[in-house]
1. Under the rule that an exposed site lies in a DSSP loop and has at most 11 other Cβ atoms within 10 Å, name the longest stretch of the chain with no trypsin sites (Lys or Arg not before Pro) of that kind, not counting the sites themselves.
2. Excluding Gly156 itself, what net charge comes from residues whose Cβ is under 9 Å from its Cβ, given Lys and Arg +1 and Asp and Glu -1?
3. In whole Å, how far is the Cα centre of segment 75-101 from that of segment 116-166?
4. Using the Cα centre of segment 43-130 as the reference point, and only Cβ charges (+1 on K/R, -1 on D/E), how large is the resulting charge dipole? Debye, rounded to the nearest 20.
5. Where does the charge balance sit around His168 when Lys and Arg score +1, Asp and Glu -1, over other residues with C-beta under 11 Å from its C-beta?
6. Gaussian network model of the chain, Cα springs within a sub-10 Å range: biggest mean-square fluctuation belongs to which of Val149, Val179, Val84?
7. In Å², what does the accessible area per residue of segment 1-83 work out to with a 1.4 Å probe?
8. Dipole magnitude of the chain about its Cα centre, charges +1 at Lys/Arg Cβ and -1 at Asp/Glu Cβ only, in debye to the nearest 20?
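The values are calculated or read from the model by the stated rules, or taken from the named source; none is laboratory data. On a predicted model such as this, the values are computed, not experimentally measured, just so you know. Glycine also receives a Cβ, built like all others from the backbone with ideal geometry; neighbour counts cover every protein chain displayed. Side chains are part of the model used for accessible areas, which takes the heavy atoms of the whole protein and leaves out ligands, DNA and RNA. Shrake-Rupley method; radii C 1.70, N 1.55, O 1.52, S 1.80 Å.
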Amino acid sequence: MSLSSIDGVVIVPVLTAPTVSAALVAGRALARGGITCVEVTLRTAAGLESLAVLARETNLLVGAGTVLSRGQVEAVAAADARFVVSPGFDDDVVNATRSAGMISLPGVATATEIQRAVAAGVETLKFFPADRLGGLDTIRALAAPFTGVRFVPSGGINNRNAAEYLTHPAIAAVSGSWVVPADAVAAEDGESIERIAAAAVATLEASGLPTPRRVG
Ligand code: 3PG
């Protein structure tokens, strides 16, 4: 499966949920705010079940984040994840993800890692942590030799810089937690999350960039 399956998604919220209930409130709020996709991280005990519930109860394209092992790939496939994100690049995770029919979005931080990912047949890559690695300037430099690669920068993305990242043709989407702040998620404050999500969508609309749309 190629990443073209999620073409049209330009914001990938990174949701770390303390409880399944909080995840459901956040997911529904994202959808009301015009977001079409969510990455649910496995950083909490509630992560896996949250993913399964969001996949079942919302129209969002739901993926798994912070996936570090083949076992976790198998678990998130069973929970109906459509894509798998990792902070770094691991052949085993990528191969298991693709074997299970899910979209693989491994993380890279260097030219060497990009080269390994390309050799493994993955050309859409999370660039993490984007702000700490030099942001768009670094992506511009890396995109020059890797002409087929598309990047999803993550780490330090917000409403002030998202549109600028997305102006570069090598940027497939932006990813981050700014649309699902931890305090609002924990407080099950769906109204705030909806407002923040809608503001993110409006920022992109105002920039004349493609806004999120329903996928699949
Ligand atoms: C992550 O995987 O933690 C993402 O990169 C989110 O980073 P952010 O919290 O800076 O948006």
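1. Working: sites that count: Arg132, Arg160, Arg213.
The answer is 1-131.
2. Details: positive: Arg132; negative: Asp131.
Overall, the nearby charge balance is 0.
3. So the two Cα centres are separated by 20 Å.
4. With only Lys, Arg, Asp and Glu charged at Cβ, the dipole is about 100 debye.
5. On the way: positive: Arg140, Arg150; negative: Asp137, Glu164.
Charge balance near His168 sits at 0.
6. For the chain, modelled as a Gaussian network with Cα springs under 10 Å, the answer is Val149.
7. Working: 3060 Å² over 83 residues.
Per residue, segment 1-83 has an accessible area of 37 Å².
8. Working: 16 positive and 20 negative charges, 62 e Å.
Dipole of the chain, to the nearest 20 debye: 300 debye.
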